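Data first, discussion second: the structure below is written as structure tokens.
The values are calculated or read from the model by the stated rules, or taken from the named source; none is laboratory data. From a predicted model like this one, the values you see are computed outputs, not experimental measurements. Backbone-built Cβ (ideal geometry, glycine too); neighbour counts: all protein chains shown. Just so you know, the surface numbers come from the protein's heavy atoms only, side chains and all, with ligands and any DNA or RNA stripped out. Shrake-Rupley method; radii C 1.70, N 1.55, O 1.52, S 1.80 Å.
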Amino acid sequence: MSDVLDVFLREELRIVNKHIPRKRVSLCELLEMKIPYVTTHDGTLHVFDPRELELLAKISNRDCSLMLPMIIEYIPEKEGIYVIKNPIEAGIVASILKIEKQTPLFLHRAHVLELRRILRTTSTILLNPGQL
Amino acid sequence: MVLVLSISLKVRPTKMELIRLRRRLVTSIRVRRILSERLTILVNEFMAMLKEALVKRRVIQNQMLDVYRSAEVLLGIYGSNVSRYLMASTSKPEIYIATENIMGVRVKTIITKYPDVPHPVGLEEFSRISRDLVSTILDLARLEQSLHELGKEIAITKRKSNALEYIIIPRLRETIKYLQLKFDEREREEKSRFKRIKQILTRRTMYE
């Protein structure tokens with residue numbers, strides 16, 4: 001029973017972030033691809049919406065250092081609080097959500113929902129389990 | 001000796017087991033917190049998609065009316081040959097079926113790419129609004145399929161989160177409590193035994 005429980009808990013922590021890409025791809029590379037995609041940790045392909053890429057290219061002035069998908073990290077210690085650590089991503093997100101620019105950018109759940117509505121395929125949420 | 005308890009787990013009453021159980025409890029609490037946050041995100045995404053799907057349905061109705069009106073005008077001008085003209089002059093789009101990954105939920109999506117050629121002369125407006133209509137219909141299809149998949153994932157996550165919250169964590173807490181009580185009792189027994197031994201030894205030395 002205990003072994004099964006341990007396996008279940010370990011497995012849950014492993015699969016909770018299976019949607020995170022193995023390697024992020026730059027905006028410029030994605031714009032040149034016929035079908036813009038990345039491979040996720042579970043081996044599946046995640047395809048980006050070309051309309052979102054165009055929107056990001058317009059906002060960031062085709063900044064090639066912008067890596068996609070943008071990672072929004074969940075902080076387990078603070079309930080309902082998320083953070084964007086990358087300064088480029090933080091700047092873009094702040095301009096989309098019309099909030100003050102800062103690095104790291106802390107977001108409330110409502111902000112994340114709004115952001116996910118606009119950048120459905122170009123943003124992803126990382127659930128950090130914290131220190132185990 | 002193995003303890004079998006109805007509400008707690010089957011464990012050996014050892015210190016090692018107590019440490020292991022405490023660790024497992026910490027992990028379970030973290031996993032439950034992560035799962036409940038995932039559940040919140042999934043439910044919110046589901047609600048947002050539901051709203052978007054309703055809006056898209058209304059948009060489709062309006063767009064269909066526009067397309068019908070435009071088609072009627074074209075039929076009036078060009079006659080029944082307009083469909084053949086349209087077929088001959090419009091280039092075919094490239095359609096790709098791919099997958100999106102929303103919080104670990106795989107959802108099918110359709111990408112349509114129209115070639116960069118000008119619209120047929122006289123049919124610009126009709127071509128433009130029909131393309132918009134097709135793209136909205138595809139968006140709605142993606143949304144409805146996502147809703148279906150997200151619904152399934154929400155049910156699974158909710159079940160896991162509830163199992164942790166109402167069964168596994170209380171059982172672990174109960175077992176830890178039981179083991180602590182067991183160790184306390186053992187300690188008390190040990191103390192009283194030592195006292196008794198001390199008394200016997202003191203008495204023995206007195207007689208000697």
Margin query: Please give the Cα centre distance for segment A:1-80 versus segment B:17-33, rounded to the nearest Å.
Written below: 29
Item checked: Total accessible area lost when B and A pair, probe 1.4 Å, Å² to nearest 100 -> 3400
Next item on the list: Name the long-range amide H neighbours of A:LEU126: under 5 Å, sequence gap of 5 or more, or other chain; modelled H, no Pro or chain starts.
Entry: A:ILE72, A:GLU73, A:TYR74
Margin query: Can you tell me which of B:GLU100, B:GLU187, B:GLU149 moves the most in a GNM of chain B? Springs connect C-alpha atoms under 10 Å apart.
Written below: B:GLU187
Check: Using the Cβ atoms and a cut-off under 13 Å, what net charge is assigned to the surroundings of B:GLU189, where Lys and Arg are +1 and Asp and Glu are -1?
Finding: +3
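Per DSSP helix of 4 or more residues, -39500 (n - 2.57); summed, then divided by the residues of chain B. What does that give at 222 nm, rounded to the nearest 500?
Calculated at 222 nm, the ellipticity per residue is -26500 deg cm²/dmol.
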Notebook entry, point to check: Under a 5 Å amide H to amide H cut-off, with H placed in plane at 1.01 Å, what residues pair with A:SER26 once short-range neighbours are removed?
Noted result: A:LEU68
Checklist line | Nearest-10 value in Å² for the accessible area of B:MET206, using the 1.4 Å probe | finding: 150
Next item on the list: For B:THR99, enumerate residues with amide H under 5 Å from its amide H, sequence gap 5+ or separate chain, H modeled in the peptide plane.
Entry: A:VAL47, B:THR109
Item checked: Among A:GLU11, A:GLU52, A:GLU29: highest mean-square fluctuation, GNM of chain A, C-alpha pairs under 10 Å -> A:GLU11
Next item on the list: Set the Förster radius R0 to 30 Å, insert the Cβ-Cβ distance between A:ARG51 and A:LYS78 as r into 1/(1 + (r/R0)^6), and round the FRET efficiency to 0.05.
Entry: 0.35
Item checked: Separation of alpha-carbon centers, segment A:95-132 and segment B:159-187, rounded to whole Å -> 36
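Order B:MET103, A:MET67 by their accessible area, 1.4 angstrom probe, all chains in place, largest first.
Ranked from most to least accessible, the order is A:MET67, B:MET103.
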Checklist line | Phi to ³J(HN,Hα) by Karplus 6.51 cos²θ - 1.76 cosθ + 1.60 over segment B:172-181, Hz, x for Gly, Pro | finding: 4, 4, 5, 5, 4, 4, 4, 5, 4, 4
Item checked: For segment B:76-93, Karplus couplings with θ = phi - 60° (6.51, -1.76, 1.60), whole Hz, Gly/Pro x -> x, 7, 9, x, 6, 6, 4, 5, 5, 5, 5, 4, 6, 9, 8, 7, 6, x
Check: GNM on chain B, C-alpha springs below 10 Å: top fluctuator among B:GLU165, B:GLU189, B:GLU17?
Finding: B:GLU189
Next item on the list: In whole Hz, with x marking every Gly and Pro, tabulate ³J(HN,Hα) for segment A:46-51 from phi via Karplus 6.51 cos²θ - 1.76 cosθ + 1.60, θ = phi - 60°.
Entry: 10, 9, 8, 7, x, 5
Check: How many nm is it between the label spots at B:ARG188 and A:ALA110, if each spot is 7 Å from the Cα in line with the beta carbon?
Finding: 5.4
Next item on the list: State the extension gain, in nm to one decimal, for the chain segment bounded by B:ASP132 and B:GLN61, taking 0.36 nm per residue of separation less the distance between their alpha-carbons.
Entry: 24.3 nm
Checklist line | Antiparallel bridge percentage (DSSP; both residues within chain A; nearest 5) | finding: 70
Notebook entry, point to check: If the limit is 21 Å between Cα atoms, which of B:LYS92/B:LYS113; A:LYS98/B:LYS56; A:LYS18/B:LYS108 go over it?
Noted result: A:LYS98/B:LYS56
Item checked: Shielding by partners, peptide A:31-40 (average Cβ within 10 angstrom, other chains) -> 2
Notebook entry, point to check: Of all DSSP beta bridges located in the protein assembly as shown, what percent are antiparallel, nearest 5?
Noted result: 80
Notebook entry, point to check: Could you give the accessible area per residue of the protein assembly as shown, probe 1.4 Å, as a whole number in Å²?
Noted result: 60
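Just by accessible area at a 1.4 angstrom probe, what is the order of B:ILE154, B:ILE29 from largest to smallest?
The ordering from most to least exposed comes out as B:ILE29, B:ILE154.
Report the relative contact order of segment B:11-138, percent, no decimals, based on alpha-carbon pairs under 8 angstrom and at least 6 residues apart. Mind dumping the intermediate values first?
On the way: 69 pairs, mean separation 29.8, N = 128.
The value is 23 percent.
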Note to self: Checking the cross-link filter: which lysines have an alpha carbon closer than 23 Å to that of B:LYS10, excluding same-chain neighbours under 8 positions apart?
What the structure shows: B:LYS160, B:LYS177, B:LYS182
Check: Average partner chain C-beta neighbours within 10 Å, per residue of B:29-35?
Finding: 6
Check: Along the charge dipole of the protein assembly as shown, which of B:SER135, A:ILE88, B:PHE46 sits closest to the positive end, that is, farthest toward it, with unit charges on the beta carbon of Lys, Arg, Asp and Glu (+1, +1, -1, -1)?
Finding: B:PHE46
